[in-house]
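Below is one structure; the comments refer to it alone.
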Amino acid sequence: MNVIVDDKIPYIRGQIEQLADKVRYLPGSSISSEDVHDADVLIVRTRTRCDRSLLEGSKVKLIVTATIGYDHIDTAYCDLAGIRWTNCPGCNANSVCCYVHHALEATERLNSSYTIGIVGVGHVGSLVAADLEASGMNVLLCDPPREATGDWVEGHNFVDLATLQAEADIITFHTPLTKDGPYATYHLADAAFFQQLRHRPLIINASRGGVVDNKALLQALNDRLVADAVIDTWEGEPVISRELLSRVAIATPHIAGYSADGKANATRMSLEAVARFIGSDFVPSIVLPDAPKLTVETLMDDSLRLKQWPDGFEEMRGNYPVRRE
């Protein structure tokens, strides 16, 4: 079995070799159709766009993305071409939860006087809700797809976006990025969304860049429709809006889920997916390093560095220091 692996995926070297006959490690953003022509399995991250232009004519039968999000995979094409694909749901949920907690501390909003609206109550949103409720905050949950299935959260009723717009002092997004269907999330927070806000809330986006219309957010900041913003995921990454960067309270280079723990979870789940694919009972063995935890101070240092060096977005993300949850 021939496997291509994004060379930024940690803890996988020496492990995938126990499942594959041949392994090549390549930069995710430059994996080409020529590279994958004879590959059976791809293990990638968000920087590899897996679509017809990459995959047509290849031997690829399985794509594993070591991420929660999978909007970089053309799932319709893969289904048509008989290519199986899988992601790693929940792998870094606790890491993102820690990020939101520290962001609220840094912006002095982690207390019972604030109401926070959480849009998307999956793995991440559920952890964020539990953490902030334990901190004494009033939490509103918004998840129309989950509400439609009758999958309720104990002790909560779901509310709609209009309720969040009317009542929330903080709104944080934790949805996947989808462009089709009744619950599409692309530009969920657009100009019309910001116009309906009543409390000039703090906006947090640590989900996917396109969930929040970055141009509309910048205009909302300039028009004082929102008080401030914490942005980890951006439209156009790694080329991001310099003007928006200068206006937000906290700006980071898509690293909210970048704890060593979250990365190890993603690698373990990726290896397990490959093992299932080939019918192996292989059990990954990953040893995590000792490392400092994310703090308010390190979060603000990350933000300052990106604001001072916006062209370094990809380098900062690719070489982010090892941190524990």
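Bear in mind these aren't lab numbers, they're just calculated from the coordinates by the rules spelled out. Worth saying up front: this structure is predicted, and the values here are computed from it rather than measured. Heads up, the Cβs are rebuilt from the backbone with ideal geometry, glycines too, and the neighbour counts pull from every protein chain shown.
Taking the C-alpha atoms only, the angle from helix 93-106 to the longest principal axis of the chain is near 30 degrees.
Restricting the calculation to Cα atoms, every distinct pair contributes to the Kirkwood radius of the stretch 55-103, found to be 12.5 Å. The Cβ shell under 9 Å around ASN2 holds other residues with a net charge of 0, Lys and Arg each +1, Asp and Glu each -1. Considering only PRO89, PRO182, PRO201, the Gaussian network model of the chain with Cα springs below 10 Å gives its largest mean-square fluctuation to PRO182.
A simple packing score, the average count of other Cβ atoms within 10 Å per residue, orders the peptides 102-112, 212-222 as 212-222, 102-112, with the highest score first. Each Lys or Arg adds one and each Asp or Glu subtracts one; over the other residues with Cβ under 11 Å from the Cβ of ALA166, this totals -1. At most 13 other Cβ atoms within 10 Å and a DSSP loop assignment: could you name the GluC sites (Glu not before Pro) in the stretch 1-85 that fit? Loop-located and lightly packed - GLU56. Its convex hull of Cα atoms gives the stretch 52-207 a direction-averaged projected area, equal to a quarter of the hull surface, of 10.5 nm². Extension gain, SER246 to ARG324, is 25.3 nm, computed as 0.36 nm per intervening residue step minus the present C-alpha separation. Residues of the stretch 194-235 falling in the label zone of THR178, defined by backbone nitrogen less than 15 Å from a point 7 Å along Cα to beta-carbon, are 208, 211. Expressed as a fraction of 2.2 N^0.38 Å, the C-alpha radius of gyration for the stretch 1-95 is 1.01. Counted residue by residue at 0.36 nm each, then reduced by the alpha carbon distance between them, the extension gain from GLU237 to ALA148 reaches 28.8 nm.
Using the Stokes-Einstein relation with a Kirkwood hydrodynamic radius computed over Cα pairs, the translational diffusion coefficient of the stretch 194-325 at 4 °C and a viscosity of 1.567 mPa s comes to 78 µm²/s. With the simple model of a label 7 Å out from the Cα in the direction of the Cβ, LEU304 to THR163 spans 4.1 nm. Placing +1 on the Cβ of every Lys and Arg and -1 on the Cβ of every Asp and Glu, with nothing else charged, gives the chain a dipole about its Cα centre of roughly 360 debye. In the chain, taking the dipole from charged Cβ atoms about the Cα centre, the farthest positive-side position among THR115, HIS156, ASN265 is held by ASN265. Annotation for the stretch 197-232 versus the stretch 253-325: alpha-carbon center distance of 25 Å.
R0 = 25 Å: FRET efficiency of ARG13 with HIS37, Cβ-based, nearest 0.05? Mind showing how you got there, number by number?
Values: r = 23 Å, r/R0 = 0.93.
After rounding to 0.05, the efficiency reads 0.60.
Springs between alpha-carbon pairs under 10 angstrom, Gaussian network model over the chain: which of VAL64, VAL36, VAL287 fluctuates most? Among VAL64, VAL36, VAL287, the largest GNM mean-square fluctuation belongs to VAL287. Give me the percent of Cα-Cα pairs in the chain that sit more than 34 Å apart, rounded to a whole number. Cα-Cα pairs in the chain separated by more than 34 Å: 24 percent. Considering only TYR258, TYR186, TYR77, give the residue with the highest GNM mean-square fluctuation for the chain, with springs between Cα atoms whenever their separation is below 10 Å. In the Gaussian network model the winner is TYR77.
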